[in-house]
Protein chains: 2
Amino acid sequence: MMEAKCHKRDLMAIHDAMDILNGKWKISILSTLCYYEERRFSEILNDLTGISNKQLSKELKELELNKLVKRTVLDTQPVTVHYTLTEYGWSLQGLINYLADWGKKHREVIFSAV
Amino acid sequence: MMEAKCHKRDLMAIHDAMDILNGKWKISILSTLCYYEERRFSEILNDLTGISNKQLSKELKELELNKLVKRTVLDTQPVTVHYTLTEYGWSLQGLINYLADWGKKHREVIFSAV
């Protein structure tokens, strides 16, 4: 019974985490900011094959609202906007590395099965 | 340039991983099988607040196709079906633990901000 309660709490925590990280692109966006540290909108668009302008804009706004990503506007000519991870966003670095490793192994599993 | 190539490979690997784990429920289903080791359909339905019968059935089928979950039919009266993680599914245990820890911390961050 104690054990079941503990599992329930873990499951709720995972559900909370996935609520924020869900969607086809969020983890990929966080990953590119994690790898490059600072990235412009057009660079992220180029990093993620298949994402549209509108989708990226929406996802970035949600990540900003959840305090994972910081948007900085620079007073240049023309104006430059760049994105970085917040300190809180950096707390996902371990997850990103884990997923990259797992994804690479998964690719091997898939290719060896063909 | 070498670095950019390496990042691109990591980003592709993450995209591959998320392709399989994406969706509102997949990680939660894998998590409950990770915590309880063996679970019946109705038990999983009960573990995940808000999922419908149809959704759970669809998600389990996809996880089975991707060789992360094993479905076993027992010759009982009435027939019992249970689900377990495959060895490959167990390779996600680290990810699940990471998400549970992060989700708990996230809850604290959210509550402390209110």
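What follows draws every value from the coordinates through simple rules; no lab data is involved. Bear in mind the structure is a predicted one, so any value in this text is a computation, not a measurement. Please note: Cβ atoms are built from the backbone with ideal geometry, for glycine as well, and neighbour counts cover all protein chains shown.
Among the listed pairs B:Lys70/B:Lys105; A:Lys58/B:Lys104; A:Lys8/A:Lys54, a Cα-Cα separation exceeding 30 Å is found for B:Lys70/B:Lys105; A:Lys8/A:Lys54.
Short-range pairs are left out: with C-alpha atoms under 8 Å and at least six residues apart, the relative contact order of segment B:22-113 is 29 percent. Mean partner shielding of peptide B:78-85, defined as the number of other chain Cβ atoms within 10 Å of each residue Cβ, is 0.
Stretch A:Leu45-A:Glu62 to full length: gain in nm at 0.36 nm per residue minus the Cα-Cα span?
Details: separation 17, 0.36 × 17 = 6.12 nm, distance 1.62 nm.
Net length gain for the segment: 4.5 nm.
Each Lys and Arg contributes +1 and each Asp and Glu -1, all at the Cβ; summed about the Cα centre of the protein assembly as shown, the dipole is approximately 440 debye.
Extending 7 Å from the Cα toward the beta-carbon at both B:Ser52 and B:Glu37 defines two label points whose distance is 3.5 nm.
Across segment B:17-24, coupling constants 3J(HN,Hα) worked out from phi with the 6.51/-1.76/1.60 Karplus curve, θ = phi - 60°, read 4, 5, 4, 8, 9, 5, x, 5 Hz, and Gly and Pro carry x. Counting Lys and Arg as +1 and Asp and Glu as -1, what is the net charge of the other residues whose Cβ lies under 15 Å from the Cβ of A:Val79? Neighbourhood net charge equals +1. Helix A:93-113 axis versus longest C-alpha principal axis of chain A: approximately 70°, rounded to the nearest ten. A full extension of the chain between A:Asp19 and A:Gln93 corresponds to an added length of 24.9 nm, given 0.36 nm per residue minus the alpha carbon distance.
Shown in residue order for segment B:46-61 are the 3J(HN,Hα) couplings computed by the Karplus curve 6.51 cos²θ - 1.76 cosθ + 1.60 at θ = phi - 60°: 6, 5, 9, 5, x, 7, 8, 3, 5, 4, 4, 4, 5, 5, 5, 4 Hz (x for Gly and Pro). For chain A, the mean residue ellipticity at 222 nm estimated from helices alone is -21000 deg cm²/dmol, where every DSSP H run of n ≥ 4 contributes -39500 (n - 2.57) and the total is divided by all residues, rounded to the nearest 500.
Counting Cβ atoms of other protein chains within 10 Å of each Cβ in B:104-112 and taking the mean gives 4.
Among A:Leu92, B:Leu65, a tally of other beta-carbon atoms within 10 Å of each Cβ gives an order, fewest to most, of B:Leu65, A:Leu92. Helix A:26-36 and the longest principal axis of the C-alpha atoms of chain A enclose an angle of approximately 60°.
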